[in-house]
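Everything on this sheet refers to the single structure shown next.
Read-outs throughout are calculated quantities, based only on the coordinates presented, and are distinct from any laboratory measurement. All of these numbers come straight from a predicted model, not from anything done at the bench. Here the Cβ positions follow ideal geometry from the backbone for every residue, glycine too, while neighbour counts run over all protein chains shown.
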């Protein structure tokens with residue numbers, strides 16, 4: 001019996017199910033008793049009387065057997081229930097000395113190191129920004145970080161011990177809204193994810209950044225007020241020291257809304273910048289994929305104020321917001337993808353001047369593949385620029401569209417593996433509708449370059465350039481180049497297409513990205529398409545074929 005394994009809860013549940021089955025059968029037998037034991041003769045002749053007596057005798061015999069079976073079933077259920085109770089009592093009796101023995105070992109470890117031998121770490125309390133506790137030395141997950149209060153950073157996730165997952169970072173607290181005549185305050189940063197176990201474990205996810213607070217009113221001089229910046233996302237925790245994927249980075253918080261000016265001589269406010277995305281955690285040293293980079297927050301737009309003269313601009317005023325980079329793998333594993341850029345904020349309406357649209361966030365680069373084997377991470381896409389604000393139809397100037405964010409670059413693979421593709425650039429924002437002065441259309445973001453393969457693998461595809469927004473066209477963006485194939489084998493990556501413009505521009509056209517070259521064996525990548533052929537927008541050059549075998553790439557159309 002020393003090898004018997006039983007779960008008392010399951011045994012008790014089985015006994016309850018058997019009791020229910022018995023009750024159902026007894027009810028059916030009782031319902032059938034009268035029709036089967038008291039069969040009436042079909043007629044007054046001897047044959048009918050004899051048949052009725054025969055069937056009635058069979059019904060009485062069945063009822064007698066059914067009663068015996070019910071008594072046996074009840075006894076069996078009682079034995080099952082008694083067995084469940086005995087198993088539970090034996091388990092409780094055996095658990096007490098085992099718990100006492102475990103306490104003799106674990107309590108001194110906890111007292112000396114502040115960390116249990118086996119068990120999960122404590123979670124940080126919400127609204128405190130408290131860090132999560134570490135997991136047990138032998139086994140246990142790290143505790144999750146607590147979220148932050150207003151404007152407070154989130155707590156970091158706790159790390160695991162030998163075996164376990166890192167805790168998640170806590171969310172950053174939102175920024176406080178400005179009181180009357182004050183700007184919004186910045187949101188708190190997200191906490192970093194905890195590290196996975198030394199032997200194995202997943203890295204904890206980074207916490208998201210808090211959103212920025214909104215502005216309220218205007219300054220005494222009538223100038224608009226800025227929105228609060230969004231908090232940055234926390235970094236993903238590294239995977240287990242030997243095995244395990246890295247945790248994803250946290251997303252940046254959204255920027256707060258701005259207010260416009262109340263006089264023609266004062267500028268409008270600027271929407272808060274979105275927070276940067278957190279980087280993805282690295283994979284385990286032996287094997288593990290890198291974590292994905294976090295996305296940026298979106299730029300703040302505007303609060304709908306009355307009496308606005310100059311509209312507020314959408315966040316942000318420059319390429320200052322970056323998505324998280326993908327985490328690198330160890331010896332074996334794939335690199336993590338880069339995060340995506342957030343959207344630029346929309347410009348506000350202003351009778352004299354519409355607010356400018358915000359710039360899109362920059363896409364994150366992909367993480368490197370494992371040293372020996374693994375694909376490179378793909379670059380994140382750039383964020384689209386925000387639209388410019390409209391102005392009065394007779395005298396006003398439309399707001400400029402925001403620039404699109406550049407796409408992230410693809411990352412290199414291992415000795416064997418495909419290179420990461422470049423991310424597409426974000427589209428530029430449209431200019432606001434105007435009276436006398438047409439606003440400038442936002443320029444699209446550059447496409448990210450495809451990475452080169454190493455020994456065996458295909459080159460990464462170049463990212464497409466972002467389209468230019470409507471309005472005055474000042475530039476058309478080139479496409480990203482494709483990466484080269486591996487030294488022994490691999491095709492070159494295709495070049496990205498140039499961005500386009502809604503109207504025929506009088507500025508230099510966009511050039512398509514060049515296709516990547518093959519090395520010994522492989523096909524060259526095709527060139528990307530150009531835009532604005534009348535002003536020099538040519539297609540990208542096709543890549544070279546392999547020295548031993550392959551087909552050259554085709555140049556892209558203009």
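I need the calculated FRET efficiency for the pair residue 21 and residue 42, taking r as the beta carbon distance and R₀ as 35 Å, to the nearest 0.05. Kindly include the intermediate steps, with their values, before the conclusion.
Details: r = 36 Å, r/R0 = 1.04.
The calculated FRET efficiency here is 0.45.
Can you tell me the FRET efficiency between residue 182 and residue 113 if r is taken as the Cβ-Cβ distance and R0 is 41 Å, rounded to the nearest 0.05? Walk me through the intermediate numbers first.
Details: r = 47 Å, r/R0 = 1.15.
The pair residue 182/residue 113 has a calculated efficiency of 0.30.
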Cα centroid separation, segment 356-424 to segment 138-191 (Å): 26 Å
With Cα atoms, 0 to 90° folded angle of helix 46-113 axis to the chain main axis: 50 degrees
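Could you compute how fast the chain diffuses translationally, taking Rh as the Kirkwood radius over C-alpha pairs and applying Stokes-Einstein at 4 °C with viscosity 1.567 mPa s? Give it in µm² per second. All intermediate terms of the calculation are to be shown ahead of the outcome.
Values: Rh = 27.7 Å.
So the translational diffusion coefficient is about 47 µm²/s.
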Projected label distance in nm at residue 219 and residue 9, using a 7 Å step from Cα toward the beta-carbon: 6.4 nm
Rounded Å value of the spacing that divides the Cα centres of segment 44-58 and segment 450-496: 95 Å
Share of pairwise Cα separations in segment 8-104, more than 19 Å, in percent: 62 percent
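Note the direction-averaged projected area, equal to a quarter of the hull surface, for the Cα convex hull of segment 417-558, in nm².
Details: hull surface 29.3 nm².
Orientation-averaged projected area of the Cα hull: 7.3 nm².
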Tilt relative to the chain, helix 8-37 - C-alpha long axis, 0 to 90 degrees, to 10: 60 degrees
Separation of alpha-carbon centers, segment 197-262 and segment 328-349, rounded to whole Å: 13 Å
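Compute the FRET efficiency between residue 79 and residue 28 as 1/(1 + (r/R0)^6), taking r as their Cβ-Cβ distance and R0 = 22 Å, and round to the nearest 0.05. Each step should come with its number before you reach the end.
Numbers: r = 24 Å, r/R0 = 1.08.
So the FRET efficiency works out to roughly 0.40.
Per residue, how much space in cubic angstrom lies within the convex hull of the C-alpha atoms of segment 331-442? Write out the running numbers ahead of the final one.
Working: hull volume 5.0 nm³, N = 112.
In segment 331-442, the Cα hull volume divided by residue count equals 45 Å³.
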Computed lengthening from residue 372 to residue 53, 0.36 nm per intervening residue step minus Cα-Cα distance: 106.0 nm
Antiparallel bridges, percent of DSSP beta bridges restricted to the chain (to nearest 5): 10 percent
Helical contribution to [θ] at 222 nm, DSSP H n ≥ 4, -39,500 (n - 2.57), averaged over the chain, rounded to 500: -6500 deg cm²/dmol
